[in-house]
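Trainee: First the structure, which I've put down as structure tokens, then a few questions once you've had a look.
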Amino acid sequence: MNAPAGTVSQTIDKLIDAEQARFAETHPRSARAWAQGRRHFLYGGPSHWMRRWAGGFPVYVEEARGCHVRDIDGNDYVDFCLGDTGGMCGHASEAVTRAAIRQLERGTTHMMPTEDGLWVGEELTRRFGLPYWTLTTSATDANRGAIRIARMITGRDKVLVFSGCYHGGVEEAHVELRDGRMQMRNMIHPNGVDHARVSKVVEFNDAAALEAALAPRDVACVLMEPLMTNFGMIPAADGFHEAVREAARRTGTVLIIDETHTLSCGPGGYTRLHGLEPDVFVAGKAIAGGIPAGIFGVSEEIATRLWDKIPHLNPRRRQSAHFGIGGTLAGNALTVATMRAVLADVLTPANYEKMIGRADRLLAGARDIIASRGLPWHVTQIGARVEIMFSPTPPRNGADVIATRRGDLETLLRTFYMNEGILVTPFHTMLLMCPATEDADVDKHGAVFERFTDMVLKSGV
Ligand code: PMP
């Protein structure tokens, strides 16, 4: 591991080339499908996210069940990507499938509520603690709704986020700190948004910087994950959440906790596990078992302030009640039916226990392999989610990730994984368990990861 940096990166590039060539050889139908897809899709697939797979192109899926995926070339994978969390309930989960079919036969969307929603509303409050909920079609949309409400009730424009965050297509959050200055994340075009006016960004775990940023009382809301998951996993330092809660309360800033990924912590998310007190709670992705959905819940105080601005309405005269929140299909009968199935039968305490047990096993195995070879890497876990990072200790903030991240090794690992029948999220090395993940699936990961470390050590990088 002491070779000069240039030689190391050349060696890794060669290894990536070899793995990508191996991938192309075993995925001819997917390769052809990808070439064909580029004729009519802007970035090859129906969603641009699908283009990022480390093999050079994505596999086309024939069928997915539990934590297994079979592609159109007949390759089988253990899926730890699980649709970057959207599939955390397991593919083709029986409870979700049954609920979806039942509702498909009864009509999916009609701008009227169904009784399933009554159960869902009660359960969301029981699980996550907040009294009032709204459904949206995605986590992005839930964040947008939460921000809009925060602006309406505070009369302020700015949204404060932490460097390295991702909260979906929320433009205010597309910023990061580089050289101490707010910059666009990943060179995303500002899209006409004046970020100096609507965004503030500070480092995670930096309570003093947060205090200073909130002091002018021009921030409508802090939008945060309880621990960061989109820039590698960045745990919250002791006392950080208490400091955020206190500073937000003191400065009249709304605190939005986005649990879209950290729902993997347990039935009530990180919020319930650690007794956080968000003003607004957001989630999405897995919450309706893969049917597009987001949720946000607000505290009694936020609801009361909102009702002051936009009262409940008993229609009598022409009166605009346009909110600009959520979409036409939000909270439709199909979404509500599948969300009910998820909350009642899939993301249950018993299933979380199983998922977290598998994650413990994966973590222990990966740590043993790393330790036995003396590699300067580490593994983190939150609930059912595990992440392998190529630095000796967990980062404290986005700056640490920028300084230590080994993008080339990550790409090599992800390509190697795919060739060996393992899927992980293409943007980071996160491994997620679903209720159908078994010990054998976890042990397959261990064997593959062991071979990966052997390859890396043998190549001298
Ligand atoms: N919040 C977090 C924390 C996320 O990681 C993501 C997506 N990765 C989103 C929100 C947005 O989710 P969606 O793309 O489903 O709207």
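Trainee: What is the one condition in (1) outside any helix (DSSP H, G or I); (2) within 11 Å of the ligand (Cβ to nearest atom); (3) under 18 Å from residue 241 (Cα atoms) that residue 281 does not satisfy?
Mentor: Only one criterion in (1) outside any helix (DSSP H, G or I); (2) within 11 Å of the ligand (Cβ to nearest atom); (3) under 18 Å from residue 241 (Cα atoms) is unmet by residue 281, namely (2).
Trainee: Restricting to the stretch 246-264, and then to whatever is within 18 Å of residue 274 (Cα to Cα), of a type in the set (Val, Ile, Thr) and outside any strand (DSSP E or B), can you tell me which residue is farthest from the chain's Cα centre (by Cα)?
Mentor: 262
Trainee: Right, here's the next one. Among the listed residues 330, 384, 399, 371, which satisfies the condition of being of a type outside the set (S, T, N, Q), buried (at least 21 other Cβ atoms within 10 Å of the Cβ) and farther than 22 Å from residue 273 by Cα? Outline the logic, then answer.
Mentor: Values: 384 fails: farther than 22 Å from residue 273 by Cα; 399 fails: buried (at least 21 other Cβ atoms within 10 Å of the Cβ); 371 fails: buried (at least 21 other Cβ atoms within 10 Å of the Cβ).
One residue alone meets the criteria, 330.
Trainee: Considering only the stretch 130-143, how many residues are within 13 Å of the ligand (Cβ to nearest atom) and surrounded by fewer than 24 Cβ atoms within 10 Å (Cβ to Cβ)?
Mentor: 3
Trainee: Please name all residue pairs, on different chains or six or more residues apart, with Cβ atoms under 6 Å, provided the first residue is in the stretch 381-393 and is under 15 Å from residue 269 (Cβ atoms) and the second residue is polar (S, T, N, Q).
Mentor: Matching pairs, first to second residue: 383/264; 384/264; 385/264.
Trainee: In this structure, does residue 323 turn out to be more than 16 Å from the ligand (Cβ to nearest atom) and in contact with a Lys or Arg (Cβ under 6 Å, 6 or more places away or on another chain)? If you could, list the steps in order and put the result at the bottom.
Mentor: Details: more than 16 Å from the ligand (Cβ to nearest atom): yes; in contact with a Lys or Arg (Cβ under 6 Å, 6 or more places away or on another chain): no.
No, not satisfied.
Trainee: Name the single residue that is nearest to residue 147 (Cα to Cα) among those in the stretch 162-199 being of a type in the set (A, V, I, L, M, F, W, C) and within 16 Å of the ligand (Cβ to nearest atom).
Mentor: Ranking the candidates gives 170 first.
Trainee: While we're on this one: Whether any residue in the stretch 302-321 is more than 24 Å from residue 223 (Cα to Cα) and among the small types (Gly, Ala, Ser) is what I want to check.
Mentor: Within the stretch 302-321, the first condition is being more than 24 Å from residue 223 (Cα to Cα), and the residues that meet it are 311-321.
Still in the list and also among the small types (Gly, Ala, Ser): 320-321.
Yes - at least one qualifying residue is present in the stretch 302-321.
Trainee: So which of 266, 294 is under 23 Å from residue 87 (Cβ atoms) and within 11 Å of the ligand (Cβ to nearest atom)?
Mentor: 294
Trainee: Could you please tell me which pairs satisfy a Cβ distance under 8 Å, a separation of 6+ or placement on different chains, a first residue in the stretch 229-244 that is aromatic (Phe, Trp, Tyr), and a second residue that is more than 16 Å from the ligand (Cβ to nearest atom)?
Mentor: Close Cβ pairs satisfying both conditions: 231/395; 240/205; 240/207.
Trainee: Another question, then. For residue 304, which of the numbered conditions (1) of a type in the set (Ser, Thr, Tyr); (2) in contact (Cβ under 8 Å) with a residue 12 or more places away in the chain; (3) more than 11 Å from the ligand (Cβ to nearest atom) fails to hold?
Mentor: (2) is the only condition that residue 304 fails.
Trainee: Please identify the pairs in which a residue from the stretch 19-41 that is of a type in the set (Val, Ile, Thr) has its Cβ atom under 9 Å from the Cβ atom of a residue that is outside any helix (DSSP H, G or I), counting only partners at least 6 apart or on another chain.
Mentor: Pairs that qualify, where the first residue is of a type in the set (Val, Ile, Thr) and the partner is outside any helix (DSSP H, G or I), are 26/73; 26/75.
Trainee: Confirm whether residue 87 is under 16 Å from residue 289 (Cβ atoms) and either within 16 Å of the ligand (Cβ to nearest atom) or β-branched (Val, Ile, Thr) (or both).
Mentor: yes
Bear in mind these aren't lab numbers, they're just calculated from the coordinates by the rules spelled out. These numbers were taken from a predicted model, which means no experiment stands behind them. Cβ: placed from backbone, ideal geometry, glycine included. Neighbour counts: every protein chain shown.
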